[in-house]
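Contents: one structure, followed by commentary.
Nothing in this text is a laboratory measurement; each read-out follows from the coordinates by a stated rule. The model shown is predicted, which means the values in this text are computed figures rather than measured ones. Reconstructed Cβ throughout: ideal geometry from the backbone, glycine too, with neighbour counts over all protein chains shown.
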Amino acid sequence: MDELLQEFIAETRETLDALSGEVVAWEADPTDRARLDSIFRFVHTVKGSCGFLDLPRLARLSHAAEDVLAAVRDGGRIPDTALVNAVLAIIDRIGELVEAIDAGVSLEDSSEDLLIAALAENAAPVAVTATAPQARSHSRSVRLGVDLLDRMMSGMSEMVLARNDLARRLREGDCDPRMEAALERLSLTVADMRETVTRTRMQTIDTLFSAVPRLVRDTAAELGKTVVLSIEGGDVELDREMIELMRDPLVHVIRNSIDHGIEAPADRAAAGKPMAGLMTVSARQSGNQILIDITDDGRGIDTDRLVAKARDQRLMPEEALRALSEDARCELVFHPGLSSRDTVTATSGRGVGMDIVRANVEHIGGRVILSNRPGKGLAVTLRVPLTLSILTTIIVAAGGQQFALARQSVDEIVKVRSNQVRIDRIGGVTMATVRGERLPVVGLSELLGLGVAAIDTLVLVSTRDGSYALAVDEVIDSEELVIKPAAPAVMATGVYAGQTLPDNGRPMLLLDGAGVATRAGLVFDRIAAIAPDETEAAADEKRGLLFDDLDGHRRVVPLAVIDRVETVPVAAIRFTAGRLRLASGDALVPVHATAAMAPDTTVSLLRLTDGAVDIAYAIGDAIEIVALPRDIAPAQGAGVIAGVVMIADEQVEVIDVHALFAATAGPSSGAQPLCLLHADAGGWMTNFLKPVIEASGYRCVTRLAPGETAAVALAMSDGGADRTGSAAPLVTLRAEREPTGPRDESIYRYDREALQAALMRSREAMV
Amino acid sequence: MSEQYLMARIADRPVAIPTAQVESVIDLGDILPAPLAPPQVRGLVAIRSRVVTVIDTEVALGLPRSVHDRRRAVITAVDGHHYAILVESLDEVETLVAQPLSSGLVLGDGWRDCATGIVEHGGEPMLVLDLSAWIPAAALAA
C-alpha cells in the first residue's frame, strides 16, 4: 500500500505541476475545451486513485469537482468566474492534502465543506484561507518514459543473446578457467539484470482493476441492477503492455456479465437468489501465466438458446449442432454474430463481443475459458502470458530442422506408438483418433516441403477454429524464447509467427498454429465425429486430482468439484466456533483437515464447490490429475472416504465429496428459510435470539424485502411491534417464566427447547 | 554528383552498390532454410545475436541457383529488417559519379528491377544497384 501511495503522491504532484499552466489558461478562457478536459482528467484520476487508497477527503473533493466539471463538459453549467475559482480552490486543496500526506502531517478539514459548497450554482464565493505550504520531502522515485523502458528491455534481450554467443564460442575452444569464471560472473549479472529490467515493465494489475468498481456501478445502474463486486489479487504483477491489451477484453466481459448474466432484481428474487448480483474479479499467477477470473452468480449461458440461434442462422449443419458437447455449445458464444440475448441493448447484446474478446486475448497469446453453470452463474477466465516478449515454446523437429511452437497452443503431445492413438487414412487424408476424438493430421515436414516422414509423434494443436494433430519427427524441448517478427517475405508464408535466436545460436522460426492449419487447407466445421456410444464412455470417464493428504495418505478427489488449488498461510486458518475456518476476503470458508498444520507455514488448500457452497480441504501436496477408475471398493464407515481405487498399482482413497460437504459445510445459504423478527425496543431479539435462530438454519431479518416471504415470525408478547404484513406463523415469546394465563401460548424466552420445537412445527406446517 | 560505391560481382557481372545501403560486409555462417518462403529467400542466419534473412541474388535475378556455396554477403536494412545479400566477390570502395541508364538500353529481366544507373570504373561500365529491389515484399511473396 505504501508503494502505491508513494506512486499516487508522485503522480499527483507531477500532474499538478504540469497542470498549473493549464489552470491559469483555463482561468483566462473558461470556454477552452482542451484545458477543461485536462483538468477534468486530473480530478478524475485523483478520484479513482483515492477510492482505492482509501483517502476519503481527497475522494470527496475530487468527486465534487468532477461532477461540476462533467456538468460543464455536458453544457449543463456555464464556466463562470465563480465556478472556475471554486474548482481551482479545490485543486489547490488537493495539492495541499497530497503534500500533507507525504509529510505525514494532518491538515484540518474545516474549510472543505465550504470549498465543496462553493461549487454549487449561485453559491456565494468563499474566501479561501490558504494554508502554509509544507516543505516537500525528497522523492525516492523517478518517472520514466515507456520508450526508455522498451529500449532497456530490447537492449537486455540483445545482451542475453550476446552472452550466449560468447559462451558458445568459449566452449568451442580450450577455455582458460579464469575466463570461464569471468563468464560465469557475467552470466549471473546478466540474469539478474534481466529480471530487474523485466520488473521495471511490470505493474500491479490494480492499474487495470481500479477502473472496475466504477464500470460495474455504472453498468449496473444503467440496467437497473444491483451488483456487489469483490476484487481479489490486485497485487499480481503483469507486463505493462499486457495490462493495456487486457483492458478492452476485461471491460467487455464485465459488461457482458452484468448485462446478460446477472438477472434483474425481481428475477433473482424469484430464483431464490439475493437481490444483488455477486461479481468477483480476481487475478492470480500460475507459472508464467496470469489468470483473470470474472465470475458472476447470474443465469449463466443459455446454451439451448445459443443452439437455437445457431440453427436459425444456419451456422452449421443440423446434425453437427446436435452432436455438440455441452462445452462446445457454450463456445458458440464466441461465434461472431451470435449473442444469447434476444434484445439489443446499449450495453451489449449486439452480437459483437465475445468473439472480439477471444480474438484480442488470443492475439496476445492467451486463451479464454468459460465455465458455465446454467442458472447459477458463469466464470470467464482470461489466461494470458506474463509478458509479450518472452514466450514459452515447445521445440519440435521436422525434416531435420527445428521449429518452435507456442506452448499455449499445444494441448498435448502423444506418441503414435501408444495405444491411445490410432492413425487412419481415409480418402487421401490422414486422421488420428486420440481418446475418441478424431483430428486431422498435418505432417509438418511434408507441409513445409522438407520431405515425407513417418508419423511418429503428434502434437495436438488447438486454434480458435478447431484442433488438429501436427505430425513431427520429435519433440525436443521446451524453452523460453525472445520472439521477434521475421522479415515480411517470411511472415507472408502464413505459417510463421516470428523468429528467434535460442541459446544454441541457430536461428529458429516460430510456427503459427492457426497458419499451419490454413496452409494445410484444414476446414473446421466443428463436427464432433464421436460415435454415440463412445460419447457415453467418454462422458462416463471421470477425472480426479491425486494428492498426498496431511495425514500422509494418498487420496483422490473428483476434479469436477475442485474450484481451484491455492496456497494460504496457516495463520489464515483458525479453529473458531467449533471448526476450522479460513478467512478468505470477507468470507469464512469451512476447512477440512485430516491432521494438524504446522503454524507459521503455508498450506495448500483445495477449494471445493458444489455450485452454491464453498469449502476448503487442506492437503499436503497435489500430485497429478488422473482418470478415476470406475471400480471403487466401498469404504467401511470411514467418514468422508467413499472407497478405495487402484491408481498406478497403488491403493488410493477416494474422497466422498457428498459426505465431505455434509460434514463440513454449514447450512446452505441458498435454501435458508426466512425468520422475521418483530424487533423489540430493547434489542433483545437481535442480540440474544438471532444467533440461536440462525444456528437452527434460518436467516433472520427484521423487515421483509419486497417479494420475500417469511417461514416464521417471532415477536415478544409485550413487544408492541407492528405484527401485520406477514402471513407467516407467529411464535410469541414472553419475558415471564410462567404463562400469564391458561390461553397464553407464548413461550418463555429462555426455553430453548420449546422455541426450537415451535420453529420445527412451523417449518413442518409450511411444507 | 559523386558518391561512394562498393564494387562487387554478382552473377558474374560487376556491379556497384551505394555504400549508404551497406551496413556491413560479412562471411555468413550456417544458413537455416525458411521453408515455404519465396525462392530468393535462402534462409536465416544469426549475425551478432541478430537473425538476418539471407537473399540469394542469383535466384532473385531469375538465374538457376548457383552451384557455389556462396558465403560472402552485404548486410542491408530495409524497413527495420536486416537482410544479407549474397555476392560472388567484393572489391574496394570507390568514389564515382553515377549516370542515368542510357535510353534504349534494355536490361535482362532480373536486372531491370534493381538497376538505378551506371557508373564507369576502370574503363568498365557497371550497373548501380538498389538492394531493396531484391527484397521480396510481403504482398508479392504469398
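The modelled label-to-label distance between A:Lys484 and A:Glu184, using points 7 Å beyond Cα along the C-beta direction, is 3.1 nm.
In this rough spin-label picture, where each label sits 7 Å from Cα along the Cβ direction, the A:Arg435-A:Asp32 distance is 6.6 nm.
Using R0 = 35 Å, the C-beta based FRET efficiency linking B:Arg65 and A:Glu412 works out to 0.30. In units of the compact-protein estimate 2.2 N^0.38 Å, chain A shows a Cα radius of gyration of 1.17. For chain A, the membrane-span-like helices by this rule, meaning whole DSSP H stretches whose C-alpha atoms cover at least 24 Å of axis and whose Kyte-Doolittle mean is 0.0 or above, are A:33-53, A:56-73, A:81-103; this says nothing about an actual membrane.
When only Cα pairs below 8 angstrom with a gap of at least 6 residues are kept, chain A shows a relative contact order of 6 percent. Classification of region A:187-227 by its C-alpha gyration tensor yields a prolate form. The axis ratio a/c (a ≥ b ≥ c) is 1.5 or more, and a/b outweighs b/c. Rounded if a/c is under 1.5, else prolate if a/b is larger than b/c, else oblate: which is region A:204-385, with a ≥ b ≥ c the root eigenvalues of its Cα gyration tensor? Oblate, since a/c reaches 1.5 and b/c is not below a/b. All other residues whose Cβ lies under 12 angstrom from that of A:Arg171 are scored, Lys and Arg at +1 and Asp and Glu at -1, for a net of -3. In plain terms, the chain from A:Ser154 to A:Arg305 could stretch by 49.5 nm, reckoned as 0.36 nm per residue minus the Cα-Cα distance. Note on the protein assembly as shown: helix-only mean residue ellipticity at 222 nm, from DSSP H runs of 4+ residues weighted -39500 (n - 2.57) and normalised by residue number, equals -9500 deg cm²/dmol.
When the pairs A:Lys47/A:Lys484; A:Lys309/A:Lys484; A:Lys273/A:Lys309 are compared against a 31 Å limit on Cα-Cα distance, A:Lys47/A:Lys484; A:Lys309/A:Lys484 fall above it. Extending 7 Å from the Cα toward the beta-carbon at both A:Ile632 and A:Arg171 defines two label points whose distance is 5.1 nm. Stretching A:Glu244 away from A:Lys542 to a fully extended chain increases their span by 103.4 nm, per 0.36 nm per residue minus the current alpha-carbon distance.
Suppose R0 equals 25 Å. What FRET efficiency, 1/(1 + (r/R0)^6) with r the Cβ-Cβ distance, do A:Asp267 and A:Arg761 give to the nearest 0.05? Efficiency for this residue pair is about 0.15. Between region A:356-427 and region A:275-310, what is the C-alpha centre distance in whole Å? One Cα centre to the other: 20 Å.
If the chain linking A:Ala25 and A:Glu694 were pulled fully straight, counting 0.36 nm for each residue of separation and taking away their Cα-Cα distance, it would gain 234.6 nm. Here r is the Cβ-Cβ distance between A:Thr196 and A:Leu559 and R0 is 41 Å; the resulting FRET efficiency, rounded to 0.05, is 0.55. Partner lysines whose Cα lies under 19 Å from the Cα of A:Lys542, excluding those fewer than 8 positions away in the same chain, are not found. When a/c is below 1.5 the answer is rounded, else prolate if a/b is larger than b/c, else oblate, so apply that to region B:73-128 with a ≥ b ≥ c taken from the square roots of the Cα gyration tensor eigenvalues. Judged from the Cα gyration tensor, region B:73-128 comes out oblate (a/c at least 1.5, b/c at or above a/b). Computed over the Cα atoms of region A:30-125, pair by distinct pair, the Kirkwood hydrodynamic radius stands at 13.6 angstrom.
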